[in-house]
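Visitor: Here it is: the structure, laid out below.
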Amino acid sequence: MTALSDVSFSVRPGEVLGLIGPNGSGKTTLFECLGGVLPLDAGSLVHEGRPMSDRARASTLFYLPDAIVPWPAQTVRWAIDFTLGFFNGRHHLREEVVDRLDIHPLLDATIGSLSKGQRKRALLAIGLLMPQPLLLADEPFDGLDLRQSRDVAQTLRSYASAGRTMFLSIHQIKDAARVCDRFVLLSGGSIRGEGTLDELASLAATRGASPTGDLEEVFLALT
């Protein structure tokens, strides 16, 4: 069984790129291949025209999986400080990221005691503090309420505007429309479209769909 086939797309510096697809489309598998968790049977990651080595990949991208509970007996404060030290992260942004993601009330709680949404924000803080220029985050809005999703989206956009590149796997299309510059549409393990909303809407129109500025309708038309 082939999980992914004919998957090709580009990630541009300083953008928020959204990987959009239904459950079972291959989003997590793709991220695990990009992050080095799963081996590639074929294909490669290319940077400036050259395939990336494992070392280059490790220094370029940081993969933040969904639904993980690292160091459950340790506090959030310990986890942030440990990863900052281990990866030589962005120490100067520590307090700013903690403030923006409202992590202060969670710092002395153990990671294993956090709710899904609290853990998501704590791990996003770690991801934003890592030194790699590209952050891959699988389902960054999962477990967050409406206000938290809005605040996280604004935070991610802010750091992208400052030069950090974000590649986000997102199940909820409304969340994707709020935060992403461009989109990669994945269905059945294959890419169905790549581009801005306007570009994807134009592509959908060439396939007989009615012109629309709604990402959900464009996705349905292309998949």
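Visitor: Using just the Cα positions, wrap the chain in a convex hull and report its mean projected area in square nanometres, one decimal place.
Guide: Here the figure is 12.7 nm², rounded to one decimal.
Visitor: Related question: Relative to the compact globular guide of 2.2 N^0.38 Å, what is the alpha carbon radius of gyration of the stretch 1-93, as a ratio?
Guide: Rounded to two decimals, the normalised Rg is 1.28.
Visitor: For the pair residue 69 and residue 5, how long in nm is the line joining their label points, each one 7 Å along Cα→Cβ?
Guide: So the two model labels end up 3.8 nm from each other.
Visitor: Further question: How do 190, 44 rank when sorted from fewest to most other Cβ atoms within 10 Å of their own Cβ?
Guide: Ordered by Cβ neighbours within 10 Å, fewest first: 44, 190.
Visitor: Next question, about the same structure. With each pseudo-label sitting 7 Å past Cα toward Cβ, what's the residue 40-residue 147 distance in nm, one decimal?
Guide: Computed distance between label sites residue 40 and residue 147 equals 4.4 nm.
Visitor: Here is a follow-up. Using Cα pairs closer than 8 Å and at least 6 residues apart in sequence, work out the relative contact order for the chain, in percent.
Guide: 31
Visitor: Same structure, new question: Based on the alpha-carbon gyration tensor of the stretch 138-189, what equivalent-ellipsoid semi-axes (square roots of 5 times the eigenvalues) come out, in whole Å, largest first?
Guide: With the √(5λ) rule applied to the stretch 138-189, the semi-axes are 18, 15, 8 Å.
Visitor: If each DSSP helix of 4+ residues adds -39,500 (n - 2.57) and the sum is divided by the residues in the chain, what number results at 222 nm, nearest 500 deg cm²/dmol?
Guide: Computed mean residue ellipticity for the chain: -11500 deg cm²/dmol.
Visitor: While we're on this one: Restrict the search to the stretch 1-108; then list the GluC sites (Glu not before Pro) that DSSP places in a loop and that have at most 13 other Cβ atoms within 10 Å of their Cβ. Don't skip to the answer; put the middle values down first.
Guide: Details: sites: 15, 32, 48, 95, 96; in loops: 15, 48.
Answer in residue order: 48.
Visitor: Related question: Calculate, in nm to one decimal, what residue 115 and residue 78 gain on full extension: separation in residues at 0.36 nm each, minus their alpha carbon distance.
Guide: Additional length available on full extension: 11.5 nm.
Visitor: Between residue 214 and residue 104, what is the FRET efficiency for a Förster distance of 41 Å, r being their Cβ-Cβ separation, to the nearest 0.05?
Guide: So the FRET efficiency works out to roughly 0.65.
Visitor: Using only the alpha-carbon atoms, how far is helix 116-129 inclined from the longest principal axis of the chain? Give it as 0 to 90 degrees, nearest 10.
Guide: 90
Bear in mind these aren't lab numbers, they're just calculated from the coordinates by the rules spelled out. Everything numeric here is computed off the predicted structure, so don't read it as measured data. No Cβ is skipped: glycine too gets one built from the backbone with ideal geometry, and neighbour counts run over all protein chains shown.
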